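Working notes, beginning with the structure itself.
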Amino acid sequence: MSTKLILSVILCAVAAVSCTKVDDPFVDRVVAPVLVVIDNATGDGGGQTGEPVVSQKVAGPVTMAVRIYELNKSGLLDNKVGIDSIPVTALAITLTKRDGTVLGNLTTNEAGKASISKTWTELGVTAPAAGSSVLLTWRGEYKGQAFSRLSRVQAVN
């Protein structure tokens, strides 16, 4: 047998073995039923930032707020109408730290807003300093579909 033929067979065997199907971990994600906007976040508190950051003073209360909207996409193809953001009222939201510690159970008001105020100690930061942060998750369920939104609160002087 020629060397080229043997090399071709080996390359085809390697290619066949390396072509195994690997599941994409992101395919199973479902689009959130609502738009969750983190109030007072640096930059975009909506869907363009994976983890919006809210800066709060080291001294004083830590206030965190979120606004929840249902998106009416019926006017999507009409540039004079577009997408309409409708506040979701009376929606139960749970705010937790990423370790699962519940910080509060909230309900959205007529503007779709829910807010909570805590001290740094209640957030688990006993000696807050500039740069201290707490990782948060806002959770809820809308029209039978669960959703969650990540954010972070960070201490500044």
Work out the length of the dipole vector of the stretch 45-94 about its Cα centre, built from +1 on the beta-carbon of each Lys and Arg and -1 on the beta-carbon of each Asp and Glu, and round it to the nearest 20 debye. 140
Which of the lysines could a cross-linker span from LYS73 if the Cα-Cα distance has to be under 20 Å and same-chain partners fewer than 8 positions apart are dropped? LYS143
Tally Lys/Arg at +1 and Asp/Glu at -1 over every other residue whose Cβ is under 14 Å from the Cβ of LEU71; what's the total? +1
So, R0 is 41 Å and r is the distance between the beta-carbons of GLU110 and ASN157; what FRET efficiency does that work out to, to 0.05? 0.70
With the cut-off at 19 Å, report for the stretch 46-157 the share of all Cα pairs above it, as a whole percent. 51
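Where a number appears in this text, it was derived from the coordinates with a stated rule and is not lab data. Being a predicted model, the structure only gives us computed values, none of them experimental. Because the Cβ atoms are built from the backbone with ideal geometry, glycine has one as well, and the counts that use them run over all protein chains shown.
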